[in-house]
Each structure stands twice: as C-alpha cells, then as structure tokens.
Amino acid sequence: MSKIGDLSEIIREFGPHLHDAPPGGWRADRRIERAVPTHCPYCGMQCGLYLLVEQGRVVGLEPRYDFPVNEGRLCPKGVTAYLQVHHPDRLLHPLIKRDGRFVRASWDEALDLVAARFGEIQSRHGKNAVAVYSGSSLTTEKTYLMGKFARVALGTRYVDYNGRLCMVSAAAANLKAFGVDRGSANPWSDIPLAEVLLIAGANCAETFPILNKFLWQQRDNGGRWIIVDPRQTPTARQGDIHLQLKPGTDVALANGLLHVIVEEGLADDEFIANCTVGWDEVLSTVELYTPQVASEITGVPAEKIAAAARLYGQARTAMVFHARGIEHHSHGVNNALAYINLVLATGKIGAPGRGYGTITGQGNGQGGREHGQKADQLPGQRSISNPEHRREICAVWGISEGELPPAGVSVVEMFELMRRSEIRGLLSICNNVMVSLPDTNAVRRTLEGLDFYVCIDFFMSESARYADVILPGTAWSEDEGVTTNGEGRVVKINRANDPPGEARCDWWIVCEIARRLGRGQYFQFQTSRDIFEEIRLASRGGNADYYGMTYEKIEQQDGIFWPCPALDHPGTPRLFEDRKFYHPDGRARFHAVEYAPPAETPDEEFPLILTTGRVIYQYLSGNQTRRIKFLVDQCPEPYVEIHPETARRLGVQDGERVRVRSRRGEGIFPALVTETIRPDTIFIPYHWPEPQAANLLTNPVLDPVSKIPEFKACAARIEKLKGSALPLYGAQRRGASQSEA
Ligand code: SF4
C-alpha cells in the first residue's frame, strides 16, 4: 500500500487550496497597530518590507523605501507573501500517521515518538542510519541549529541542505578560485558603475526581479549587456549581445571569449603576474578554443563571440554574474571556473564597478551554506575535514573531537543510501523533495521505503504526505533571526505575529527532540537571539565571520556584509580591494578547464535537449506560492516551450497538450510555441509536482565536485497526443506572454 493513504483526503484537509485575502477580508477601515520592518521570505534579494499588524494578525504589507536594496520595489511574489501567514492550509497541530491517515497528536506524544523511533533505528543500525535534510529559506539561526543537531544530538554524519540544488557549483568554484565562498564579491550598488555586464545563465527579470533596479541604473549610465542563455529570456531580449548557446556548452563559450581576449592583448598582465597562480595552463588550454571552435560546440556565431569578448575585454569597468543556468550541470563547477578565468585574466575584480558575483536563488541561500548544515562544512564556512577547524568548533560546542562525525554526502547521494537501507530515518525541514530533486519516481520510491520520516513545515508539502510524523513549524513572520542576501549582506528578520494554533518555533521543536535524545545540555537555547550569540562565537575567525555583528547593529546599518570580525568593524561590502585573496599565498587561482558535453546528449530516441527553470510568479518547489491565488492565476500550470520549427516538424500547435518523455519518466504539458527557444531545446518550469513535475524527466547525474544534479540538460522527446488540441487556460497565456515580455 502507498504510504500516502487516501491522497484526495489529504488534499481536502491540507491543500494546496487557493487563498486571496487577508484575515477579515478586504477592508478599508483597518486599524494598523504596528508596521514591522523585515524582509521578503523568498529570493536572495531579501527586499525590505513592513508587515502591517492588526490585532496580532498580519493583514498587509508595505515595501520599505528605506532599505537600500529594493528602495520600495517588490515583485509579484513579494507583494503577496503576507497571504501565506494566516492561510487556511497552515498546519496547526502535530500529526501522526496512523493506518495511512494523519491524526492530530499532542506535542509530547509526537516528540516522544520521534525521539523513540530515531533512537531505536540508531541503536539497531548505527548513528548514521538517521539523516537530516534541511533548507535555505530558514533563518541562519535555524540552519546553524540543524547542522549542530545532526552532529551533536543525533551524532550522524549525514546532514545536507537544499542549497545543494541551488548554489553549490558556484560556491565550490568560488572556494577554488578565491579561497572564499561569498556569492558576490561586490555590493550590488557597484552594478551601475560597470560599463559592461556579462550575465550568464541568469534570467534576472523573472528569478531575481528587483536586481533589475541596478541593471537599469547601469543601462541609464550608458552601460552595455552581454547575455549568455539558451533562451531569449526577458533579460536576454534587453541585451546588447545575446549569446544563445546550446545548453551545457558554457566552458567552450567562456574559453572562446578568453581566447579572443588573449589574442587581442586585452588580458591584464600585471594583475595576472602579481595576483594569480595557474595562468600558463589556462593559456595553453584556451589557445585551442578559437571563436570558430567555440562556435561549432556552442552554436553561437563566431563573430558574436569575438564581439562579446572585445566588449568585455575593452571595458574599463565590467562585472560578470552567473546563476543556475550554468551551475545546474554535471560540469557546473567547471562552467563557473571558466567564467572566473575571464574575471581574473582581465583583473576586473576588487574595485568599484569591477567584480564578480553569482545570483542566489533562495532567500538565505548564502547564509544557509555558511554555518554547518552542508555535508562537508562547519560554522563560519569551516571545513569538517580540517583538524584545526574541527577543534575550534568542538571547543564552542563543548564536545570532544571524537564525538564530531566526519563529512557526510550530498542529498542526492543520501537518497541513494536510503534506497540501499543504509539510511533508514529522515528528519527534514523546509524542503520538498517530491518537486525539487531530480527523477521524481526514484524519490517517491525512496520516501516510501523509509522506516521513519519526520517533516517540520508550516504547510503540507507533496513530500510531507509520505511522512510518519509532521511537526508544525513557523512561517517567516513568526520568529526573528538573520538571513544573508546574495551580495553577502546579513539582514534582520523580525517577528510580527504569534504562530497559529499549536504551531511552534522551529528551533524549539529541534531543541525538544535533542532533549528527548538525551543531548539537551547542548541545546539550552531560549530564543533565536541565544542561537545567534553562539553563531557569533562559532564563526569567529572563519571566512564567514559574524563575530562583530549584533541584531541591533545589523538593523542600524541596514545589514552588515561579512566578514565582520569585531564589534567596531563596519563589515566588508567589497572583497579583495587589497588584491589579496583567501588562499594562504594571497593569490587567486586560475583553473584550466576543458569542454565536456552534458552527461546525456540527444540521440535518435530522445532528440531534444530539455532544460528547466523558473517563472516570476512561482517560487522553487511552489509549496508556498501555489497556494496564493493571485500568483496561480498568472501561471496555473507548467508548460513546455517549443520552437516553431520543431513544433511544425512534430505537427504540434500552440496550446496543444503534448507528452514529454525522457529516460526517467514522462509528463503531459501544454505546448508554448515560441521563437524564444532554440530549435534543438525545450524548456519546462519546475515549480509543480507530479504528474506535471519537470523533475520526472531530469537526470540525477551529479557534478563530481559540487554534487549538484544536472537539471539544465537531459535528452527528451515530444509525443503528440490523440485529440489533444486543448487550449491553454486564459491565465496561463497571460503568464506565458508576461514571461516573454
Ligand atoms: Fe521577494 Fe525576491 Fe521578489 Fe524581492 S525580488 S520581492 S526578495 S521574491
């Protein structure tokens, strides 16, 4: 029997249902008691906003004109975010599954059961038989706690987080090249100072909308854009040069750009000689990547490659940004390193308008990978394999070095261990693997096979349906803490309302489980502030040093950029200004990287390349945004973008439902016939569950270094359905054309 039981009953009780009004409905006679300054719960911009509170309930919001990142701007997700707080789908009580049905339980009953079952599994199968899978939409306090809970309370090596599906390729490349992993080396206020922006694999207009404030300022200053993307995204359409490459060919393109820069004497020889290591190897590698060779691999005309290289190379100031489009690949780290080579070869880093950055997806994607919930990491961006780092953290936690487990593995690898029954119990918080992991069919089988699965969340997700116990946690407005946005700025989230029903703060839940596991002495936190104070100590001396921050100072300064090593230190908005990098010799590292194709390339059976991504109206796995009616009205379901040439060949009409199939699964999607995609490529947005999950199709193959799955390229085919010429919903058409606008 399926572990879910009666799915229709679960959906009837827990949703997703659509919701479109604040508590008490739409009224003009509100008496707003408080306007609580805080930040949007969604993407890594962390736009500032005020939550408006009436009688203890969040009834609206206003954008913060006083916060320098967004200066009063919010995107469609941000303006409707408050509607999740008192949503009728909120989980209000602990739930235990009995005979396939979720039954209300008391906190004691649920927590005792969790501790007893995890204890049982560990005593039979060893400490590592229980794993923790965490999230990066959580505050940094919670992410720190999850890493500590796994290692100190459970004593398991297996902990990882959903940033593994997001930023890890960029993070690994940053560490290799610069010796430090901060998403952006520059504050975003540097963007308008750049003459040229090179943006690779980032549809900023939809995935990071408020960044456009800076992009348009740069444009107003006369700036130029080079956009690298297989799709003519809204961002690409505004570019001066659009390099519409074949998915997965970024190394060839970046090497081709560097080839031209070298040939035309645009490299910065002084910077290379005094600030870097490894140039000679790169030089001999890119020698072979003439524009013609790069063109053959990427499908981008050679003259466009040369023109883009000249534009970037000749500019006095320029910045490179990239995002998941180049990072979600089995060569994601090499892709990022190839673009970093361009930055280092031209010395365009460490000064106003000269820099580099990766664009963060999740709200706390940066903070969530700094303080120890990543499989290989300890707080302060320390390495769990470094003996000195281990000693430092054991001293803060008050445990012996022998008690601290070694590095674990990535979440995709953890799921493989679950399939082999080496991991039998799972505690997950704030993630939705049934939508977000590749190969949904394999993920479903894994969850069904677990001995014991516990979810902490504030909505029932498609994954939580498989849980044995669900513990109702808090929405972002119900607790305080910090997040770190994509530019490395630590900001303060403030509490506006109490958790509804019997829902409790996530940190309280985790500390209570630790207490029941007999490890309560290490988790004596009474507030989020207590946890933050421990983070200050644990991060001290690490790369991501928060020691000099306090909650009050963060608010006074509109956020603080790390590192901030002392209370009288202002923080570090721009890294590398002294031309010193974080490697022991102070030099940045070039990496010679060769092009290799994606793990799966088109063939006769699966002749198209499937790539996936996001739309502006939905957020990641959609567990929050698929419940907000305004957002769903704009984009109610996923679709498959097909070039008119491909559609004509297959006899597919715009709006017709087609089956998309890969070696792992299939789904039925309405066709969006559009010239904005390459003829050899199709695109599906990934925010929805099965039977329309893009990840039914994607390839779980991993980058060998970052362990990120190859979401952005797999082989697929399109099949016509008999009698399937159904029109798209009107709203769907609106959503699609908006995305094209
Ligand atoms: Fe929220 Fe990001 Fe939109 Fe800003 S850009 S409102 S942080 S989703």
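The values are calculated or read from the model by the stated rules, or taken from the named source; none is laboratory data. Keep in mind the model is a prediction, meaning the values are calculated, not measured. So basically every Cβ, Gly included, is an ideal-geometry build from the backbone, and we count neighbours across all protein chains shown. We work out accessible area using only protein heavy atoms, side chains counted, and drop any ligands, DNA or RNA first. Shrake-Rupley method; radii C 1.70, N 1.55, O 1.52, S 1.80 Å.
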| task | Treat the stretch 304-387 as a sphere of radius equal to its Kirkwood radius over Cα pairs and apply Stokes-Einstein at 25 °C in a medium of 0.890 mPa s; give the translational diffusion coefficient in µm²/s, rounded to a whole number. | result | 164 µm²/s
| field | Cα Rg, Dmax, the stretch 59-131, angstrom units | value | 20.9, 56
| Mean accessible surface per residue for the stretch 532-672, computed with a 1.4 Å probe while every protein chain stays in place, in Å² | 40 Å²
| request: Leaving out ligands and nucleic acids, note down the accessible area per residue over the stretch 316-457 with a 1.4 angstrom probe, in whole Å². | output: 23 Å²
| request: Quickly rank 28-34, 379-385, 279-285 as a protection proxy: mean count of other C-beta atoms within 10 Å, highest first. | output: 379-385, 279-285, 28-34
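Where both partners of a DSSP beta bridge lie in the chain, what percent of those bridges are antiparallel, to the nearest 5? Don't skip to the end; give the middle numbers.
On the way: 45 of 89 bridges.
Beta bridges within the chain, antiparallel portion: roughly 50 percent.
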| said: Just want to confirm a number: the relative contact order over the stretch 381-484, from Cα pairs under 8 angstrom separated by 6+ residues, in percent. | reply: 19 percent
| request: Sketch the reach of a paramagnetic label on ARG391 as a point 7 Å from Cα along Cα-to-Cβ, and name the residues of the stretch 540-573 whose backbone nitrogen lies under 19 Å away. | output: 540-543
| field | Cα gyration tensor shape of the stretch 522-653, rounded if a/c is under 1.5, else prolate or oblate by comparing a/b with b/c | value | oblate
| query | What percentages, rounded to whole numbers, describe P(r) for the stretch 478-536 computed over all alpha carbon pairs with 10 Å bin width beginning at zero? | reply | 20, 44, 30, 6
| said: Multiplying the sequence separation of ASP220 and GLU13 by 0.36 nm and subtracting their Cα-Cα distance, what value in nm do you get? | reply: 69.4 nm
| said: Among 682-691, 108-117, 713-722, how do they line up by average Cβ neighbours within 10 Å per residue, starting with the highest? | reply: 682-691, 713-722, 108-117
| the stretch 201-299, accessible surface, carbon-and-sulfur percent (1.4 angstrom probe) | 46 percent
| message | Test of understanding: what is the full-extension gain from SER123 to THR601, defined as 0.36 nm times their sequence separation minus their Cα-Cα distance? | response | 167.5 nm
| field | the stretch 301-436 - percent of accessible surface contributed by carbon and sulfur, probe 1.4 Å | value | 49 percent
| Rg over Rh, two decimals, the stretch 342-401 (C-alpha only, Kirkwood Rh) | 1.16
| task | Please work out the C-alpha center-to-center distance from the stretch 305-349 to the stretch 566-604 and express it in whole Å. | result | 11 Å
| field | J(HN,Hα) series, the stretch 243-260, from Karplus relation 6.51 cos²θ - 1.76 cosθ + 1.60, nearest Hz, glycine and proline x | value | 9, 8, 7, 5, x, x, 10, 4, 4, 5, 5, 5, 5, x, 4, 5, 4, 5
| message | Using a 1.4 Å probe on the protein heavy atoms, what percent of the accessible area of the stretch 41-149 belongs to carbon and sulfur? | response | 47 percent
| task | Run the numbers on the chain and let me know its relative contact order in percent, using alpha-carbon pairs under 8 Å that are six or more apart. | result | 19 percent
| message | From the phi angles alone, apply the Karplus equation (6.51, -1.76, 1.60; θ = phi - 60°) to the stretch 217-229 and give each ³J(HN,Hα) in whole Hz, x where the residue is Gly or Pro. | response | 4, 4, 4, 4, 7, x, x, 10, 10, 10, 10, 10, 6
| field | Eligible lysines near LYS3 by straight Cα distance, threshold 16 Å, same-chain separation 8 or greater | value | LYS97
| request: Bin all alpha-carbon pair distances of the stretch 464-573 at 5 Å intervals from 0 and give each bin's fraction as a whole percent. | output: 2, 11, 17, 19, 16, 15, 10, 6, 2, 0
| message | Students often check this: by mean Cβ neighbours within 10 Å, which of 668-679, 450-461, 292-303 ranks highest, and how do the rest follow? | response | 450-461, 668-679, 292-303
| field | the chain - mean residue ellipticity at 222 nm from DSSP helices (-39,500 (n - 2.57) per run, n ≥ 4, rounded to 500) | value | -8500 deg cm²/dmol
| field | Shape category assigned to the chain from the gyration tensor of Cα positions, a/c cut at 1.5 | value | rounded
| Which shape class applies to the stretch 1-51: rounded if a/c is under 1.5, otherwise prolate when a/b exceeds b/c and oblate if not, where a ≥ b ≥ c are the square roots of the Cα gyration tensor eigenvalues? | oblate
| task | Count charges around PHE271 for me, please; just the other residues with Cβ under 10 Å from its Cβ, Lys/Arg as +1, Asp/Glu as -1. | result | -1
| field | Estimated translational D of the stretch 188-321 in µm²/s (Stokes, Kirkwood radius over Cα pairs; 37 °C; 0.692 mPa s) | value | 215 µm²/s
| field | Linear extension gain, ASN441 paired with GLU719, 0.36 nm per residue minus alpha-carbon span | value | 98.1 nm
| request: Out of all DSSP beta bridges with both ends in the stretch 439-526, state the antiparallel percent to the nearest 5. | output: 50 percent
| Probe 1.4 Å, protein heavy atoms only - accessible area per residue of the stretch 472-526 in square angstrom | 29 Å²
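What FRET efficiency do you get for SER400 and GLU71 if R0 is 51 Å and r is their Cβ-Cβ distance, rounded to the nearest 0.05?
Values: r = 50 Å, r/R0 = 0.98.
Efficiency, from the Cβ-Cβ distance: 0.55.
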